[in-house]
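Student: Once you've had a glance at the structure underneath, I'll fire off some questions.
Each reported figure results from applying straightforward, stated rules to the coordinates on display, with no laboratory input. Treat the numbers as computed from the prediction; the structure is a model and nothing was measured. Here the Cβ positions follow ideal geometry from the backbone for every residue, glycine too, while neighbour counts run over all protein chains shown.
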Amino acid sequence: MKKTKFILALIFLNAIFISCSSDDDSSPDPEPPSGKLVKSEVISDDIKADYTYSADNLLATFNGSRTDFTFTSNFTYDSEKRLTKWSYEEMGSNQYSGVYTFTYNADGNLSAYSNGVNDIVITYNGNTVTASGIFSGNTPSELQMELNSAGLITKFIESFQYTLFTYDGNGNMISAKSFDNDDNPIAEFTLTYDSKINPFYGQFESVYIERFLEFFEDFDGIYVSGFEGYSFPYFKNNITSINEVGGDSLNYTYTYDDEGYPTVVNEDDMGDTNIYSISYY
């Protein structure tokens with residue numbers, strides 16, 4: 001079920017190298033995360049991720065390793081604690097680097113982001129958000145999103161399909177249903193959660209729209225769970241299952257510390273298991 005998930009920093013670099021071929025006030029100024037901060041995620045000595053933070057508890061660096069390369073990401077924020085720059089460098093057999101920049105409108109909402117090659121422009125009209133530019137392909141396109149009162153995306157309209165999303169009282173996504181332009185169902189997914197703390201929640205609030213587009217554009221499934229939790233840190237609780245209705249399932253079980261933070265994660269993808277640990281400062 002689970003599509004291979006690129007490491008967090010490589011998500012941006014893929015966009016850099018592959019894509020070369022009345023304002024809504026739903027996004028208030030980000031609040032610094034509180035509670036424990038994740039120090040590391042470790043699958044093995046060769047596969048791990050280490051994190052550091054600013055004085056405001058915002059993610060400052062992300063250093064990772066794989067069997068044949070290492071990488072580092074650095075994050076810069078403005079005085080309103082909004083992400084303005086994401087720089088990346090990879091060291092190993094293939095060495096390269098890249099920078100993403102983010103800009104905001106007068107209401108503090110993300111209005112554009114760029115990888116130095118392609119620019120994405122975002123506009124707001126009430127609860128409707130429109131993103132224009134070149135995304136996964138080589139042709140300019142326009143994507144439309146509808147937001148609920150909490151600023152969460154409930155409808156995502158692409159040229160060939162649209163997807164509806166629902167959320168529970170904590171703002172956790174609990175379903176996604178896609179349809180073609182004739183309203184015929186394409187796919188349906190459901191998600192369940194524990195009642196414990198998601199330690200990654202609260203980072204990158206200002207770039208929620210960009211992160212959503214990165215993971216849900218050309219929608220065909222839910223790929224926002226598992227190792228490297230800062231990839232999509234927008235659910236308050238920890239995912240326990242992702243189920244494709246009539247298809248496969250992905251399940252998670254956790255070991256928690258005395259404060260309810262996960263310390264060991266067991267991922268079961270239809271019998272293919274992966275275990276990793278989470279440590280804290």
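Student: Between region 59-130 and region 201-248, what is the C-alpha centre distance in whole Å?
Tutor: 17 Å
Student: With unit charges on the beta carbons (Lys and Arg positive, Asp and Glu negative) and the dipole taken about the Cα centre of the chain, which residue among Asn184, Thr130, Tyr113 sits farthest to the positive side?
Tutor: Among Asn184, Thr130, Tyr113, the one farthest towards the positive end of the dipole of the chain is Tyr113.
Student: FRET efficiency for Asn170 and Ile275, Cβ-Cβ distance as r, R0 = 22 Å, nearest 0.05?
Tutor: Once the sixth-power term is evaluated, E becomes 0.25.
Student: Would you mind classifying the chain by shape? Square roots of the alpha carbon gyration tensor eigenvalues, ordered a ≥ b ≥ c; an a/c under 1.5 is rounded, otherwise it is prolate if a/b is larger than b/c and oblate if not.
Tutor: Taking the square roots of the gyration eigenvalues as a ≥ b ≥ c, the chain is rounded.
Student: While we're here: Tell me, Met173, Met270 in order of fewest to most beta-carbon neighbours within 10 Å?
Tutor: Least crowded to most crowded, the residues run Met270, Met173.
Student: On to the next question. What list do you get for Glu205, Glu244 if you sort them by fewest beta carbons within 10 Å?
Tutor: So the ranking, lowest neighbour count to highest, is Glu244, Glu205.
Student: I need Asp182, Asp218 ordered by Cβ neighbour count within 10 Å, fewest first.
Tutor: Lowest count first: Asp182, Asp218.
Student: OK, next. By its C-alpha gyration tensor, with a ≥ b ≥ c as the square roots of the eigenvalues, how is region 111-214 shaped: rounded for a/c under 1.5, else prolate for a/b larger than b/c, else oblate?
Tutor: oblate
Student: At a Förster distance of 45 Å, what's the computed FRET efficiency of Thr139 paired with Asp257, Cβ-Cβ distance as r, to 0.05?
Tutor: With R0 = 45 Å, the Cβ-Cβ based efficiency is 0.40.
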